[in-house]
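Below: one structure, written as structure tokens.
The values are calculated or read from the model by the stated rules, or taken from the named source; none is laboratory data. For clarity, every value in this text was computed on a predicted model and none was experimentally measured. Ideal geometry is used to build each Cβ from the backbone, glycine not excepted, and the neighbour counts take in all protein chains shown. Only protein heavy atoms, including side chains, enter the accessible area calculation; ligands, DNA and RNA are left aside. Shrake-Rupley method; radii C 1.70, N 1.55, O 1.52, S 1.80 Å.
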Amino acid sequence: MEAVAKDVERFCIFEDDLPRSGGRWPEYAATMILCFDRWENDMAIGSLWTFFQSTPIPFHGLDNLLFIMDAMMDQAEQPMPWMARRHIKEQVRPQPDRRTQIQNLLSFRPGLLSTVSVRIYTRQHATMQGTLRVEGNREVSFRSGLELLYLLREITNHPFALRATESERV
């Protein structure tokens, strides 16, 4: 059990040093682990691990990954979207499944290319804002899903990832 606690501390992104236990889920459950295995035909292949699923969720492409992350946040109701999505056709709003159980153990297979922890703090303006942590504990905040995609391409060494320009370097 101590090894699991160390994994939680190593991979989970906490808001600050104050423990939070008053919410629906423990604070550590807000972290998603993204394991990238390879690039195939310009498509990222890997798996998403979360405390809300006992098995990994495979993804094929960064766009697919964003949809999966959004669905996981909808399922956990954390964080709630700032506004309802727009649809072409009329939609019947499904009732959330309140029986979702949290998995107490964090168990995952690291990605062959990279492993990244992501925590979404808000979902405003039809996108997401949060923090990601790469191996080595470097944290970077992002302001949109698109910015997250650029960061993930850079982290996984995509051959066409955008590099910082001279004016962007800090």
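Condition first: among the aliphatic types (A, V, I, L, M), at pLDDT 90 or above and closer than 24 Å to Q75 by Cβ. Now tell me which residues in region 103-150 satisfy that. Break it down stepwise before answering.
Of region 103-150, the ones among the aliphatic types (A, V, I, L, M) are 105-106, 112-113, 116, 118, 120, 126, 128, 132, 134, 140, 146, 148-149.
After this cut, where a residue has to be at pLDDT 90 or above as well, the list is 112-113, 116, 118, 132, 140, 146, 148-149.
Passing the criteria: V116, V118, L132, L146, L148, L149.
Given the conditions (1) at pLDDT 75 or above; (2) in a loop (DSSP other than H, G, I, E, B); (3) of a type in the set (A, V, I, L, M, F, W, C), report the number of the one that F67 does not fulfil.
(2)
Let's see how each residue does on (1) open to solvent by 60 Å² or more (accessible area, probe 1.4 Å); (2) modelled with pLDDT of 60 or more; (3) aromatic (F, W, Y):
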site: V8; (1), (2), (3): no, no, no
site: L18; (1), (2), (3): yes, no, no
site: I33; (1), (2), (3): no, yes, no
site: I57; (1), (2), (3): no, yes, no
